[in-house]
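Take a look at the structure set out below.
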Amino acid sequence: MNYDSRNEGQRVRIQARLQIVSFFSGAATMILELTGSRLVAPFFGTSLIVWTALIGIIMTSLCFGNWLGGSIADKRPEGKLLGRILIFAAIIIAITATASNYILTSLQGLNLNLYAASVCAALCIFAPASLLLGMVSPFVARLAMQDVSSSGAVVGRLYALNSAGSILGTFLGGFVLISLFPSGVILMLLASGVAFLSVLVYTGAWRKIISVLVVAAIGTGAWAADKYGLPMSPVGVQIDTAYNHLSIVESVDTRNGRRVRVLITNPDAAQSLMYTDHPSELVSEYTKFYDLAFHYKPDTKRVLMLGGGGYCVPRYLLDTRRDVSIDVVELDPGVTEAARDYFNLKDDENMRIFHEDARTFLNRAQHDGFGQYDAIFMDTFNSWTSIPFQMTTVETASLLRELLKPDGVLIVNIIASVYGQKAGVFHGIYKAFSSAFSTMMIFPANAPDPKYARALQNIILVGAGDLSLSAPLTPDAKFSDLLSHQWLEPFTPDSVVPAFTDAFAPVERYTLLQ
């Protein structure tokens, strides 16, 4: 039945229902985007490239949905058709929740570059539901419009409500839902809610009954997903935090047959590893190079570590050097909580933890009276293999230098190559940090031989200001192997790569070349 044939009382009720639909469809779109990104994270990370692809595809889908919805509404301004659109959107969101792991696993197996993989993932996971949700706003506006003289006010009110719903969805999804439920469960609940909106626009009793049945079916699926998990859930413990999707799995170290627990935020690499039979022992080779601080400055007593992860290095220091105090800066409280639950992190009088962005900490540290450190360790990475750009710049290097004692030591972990196509990030950071540190030393952690200069690996950059690290030192025997990794060949940074600054630090571009 056409809504234009309703009496005045019915029109008022219909107007109110349409406003509710407009509001909550906007909220649904943002919840879909935020929650759906968590589905993608275990496979392709949450780098700037991934977020750009997700937002771009969703906006494109909404754009086409707006155009298509408006065209159809002019031809068939019927509440039952809008109800069908909402039902189809709900079903597709529910399918997304249950089939996303299969789709993303298949895409990952194609070995596409990150640009193509991110776009394909967004097209498969986000585009269909976003297209249908995009059709809702113009359809609602057409149904609500009674005469041309008030069309501006009607459209403005409905689009304002849609935008307000988007705001609610952003905060509700980011601050509340993601911290309470698994991603798949949120999408199932979202699908149930979108299906319920169809009840508001259907006029026939039997159509309302069908909508209620769909709501009940999807709602039951959400309950089952929360209790029993979704099909093809990734192996291991899956944790959604405010900033990351964490996977915690166990495997065997092929070098010695020992059991290892692994924290993963990047689908292509392990962020933190721990021997289950000896939690304080270091597993990853690159982490052992932080000990060089005690070679170059034996009286090191106060350490700042930027990037906590599984807290492997802090645990090691607290266990082996009881006279050392350490401040750890970790952006994500959820990562710290996971380290407490799965990586044997315990409170210690010699350790303080700060939950904030590392650059923010550096900006305020001097003003808040933290004093200077004997050594600063930097191991900050986003969910991909790139260092957050704000931690790679000339300005950051200056802040680090101010926080170090005159003879203090800076040790930075970088994933890159010494030369070649994969070296851009390393060269940009090297140039930036050289502006503040007069002495810079390079330690390829995995393959120190110059013939592997183009190999992607952990590169440890050691810097100091007033202390000449190249001065002859008699190494302790335990440092000999670490020192043997030092790059002794002449090193000249690529002239094409700029020294990274706050204004221009193309970290993502160079990381993609890896």
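Every residue in the stretch 428-445 that is open to solvent by less than 30 Å² (accessible area, probe 1.4 Å) and either closer than 18 Å to residue 506 by Cα or outside any loop (DSSP other than H, G, I, E, B) (or both), please. Residues satisfying the conditions are 428, 429, 432, 433, 439, 441, 442, 443, 444.
Residue 395 is checked against (1) within 22 Å of residue 291 (Cα to Cα); (2) among the acidic types (Asp, Glu); (3) outside any strand (DSSP E or B) and fails just one. What number does that condition carry? With (1) within 22 Å of residue 291 (Cα to Cα); (2) among the acidic types (Asp, Glu); (3) outside any strand (DSSP E or B) applied to residue 395, the lone miss is (1). The residues of the stretch 43-55 that are open to solvent by 30 Å² or more (accessible area, probe 1.4 Å) and either of a type outside the set (Phe, Trp, Tyr) or touching a Pro at 6+ places or on another chain (Cβ under 8 Å) (or both), listed by number, are 46, 48, 52, 55.
The criterion of at least 3 residues that are aliphatic (A, V, I, L, M) is met by the following helices (runs of 4 or more DSSP H) wholly inside the stretch 236-349: 312-320, 333-342.
Just to be sure, is residue 93 more than 30 Å from residue 386 (Cβ to Cβ), touching a residue at least 12 places away in the same chain (Cβ under 8 Å) and open to solvent by less than 60 Å² (accessible area, probe 1.4 Å)? Yes; evaluated as a whole, the condition is true for this residue. When residues in the stretch 356-390 are screened for being in contact with a Lys or Arg (Cβ under 6 Å, 6 or more places away or on another chain) and within 24 Å of residue 286 (Cα to Cα), 3 of them pass.
Per-residue answers, yes or no, for (1) open to solvent by less than 10 Å² (accessible area, probe 1.4 Å); (2) more than 26 Å from residue 415 (Cβ to Cβ); (3) among the hydroxyl-bearing types (Ser, Thr, Tyr):
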residue	(1), (2), (3)
316	no, no, yes
323	no, yes, no
333	no, no, no
342	no, no, yes
363	no, no, no
387	yes, no, no
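Considering 117, 97, 121, 144, the condition of being touching a helix residue (DSSP H, G or I) at 6+ places or on another chain (Cβ under 9 Å), of a type outside the set (Val, Ile, Thr) and closer than 19 Å to residue 23 by Cα is satisfied by 144 alone.
Looking only at the stretch 134-159, filter to residues that are loosely packed, with under 14 Cβ neighbours inside 10 Å and among the aliphatic types (A, V, I, L, M); which one of those is modelled with the highest pLDDT? Among residues in the stretch 134-159 that are loosely packed, with under 14 Cβ neighbours inside 10 Å and among the aliphatic types (A, V, I, L, M), the one modelled with the highest pLDDT is 153. Please verify whether the stretch 78-97 includes one or more residues that are assigned to a helix (DSSP H, G or I) and acidic (Asp, Glu). Among the residues of the stretch 78-97, not one is assigned to a helix (DSSP H, G or I) and acidic (Asp, Glu), which makes the answer no. Look at the stretch 199-223: where a residue is more than 18 Å from residue 17 (Cα to Cα) and a partner is among the hydroxyl-bearing types (Ser, Thr, Tyr), sitting 6+ places away or on another chain with Cβ atoms under 8 Å, you get 214/198; 218/192; 219/192; 221/98; 222/192.
The values are calculated or read from the model by the stated rules, or taken from the named source; none is laboratory data. Note that this is a predicted model, so its numbers are computed, not measured. So basically every Cβ, Gly included, is an ideal-geometry build from the backbone, and we count neighbours across all protein chains shown. Quick note on the areas: whole protein, heavy atoms, side chains included, nothing else; ligands and nucleic acids left out. Shrake-Rupley method; radii C 1.70, N 1.55, O 1.52, S 1.80 Å.
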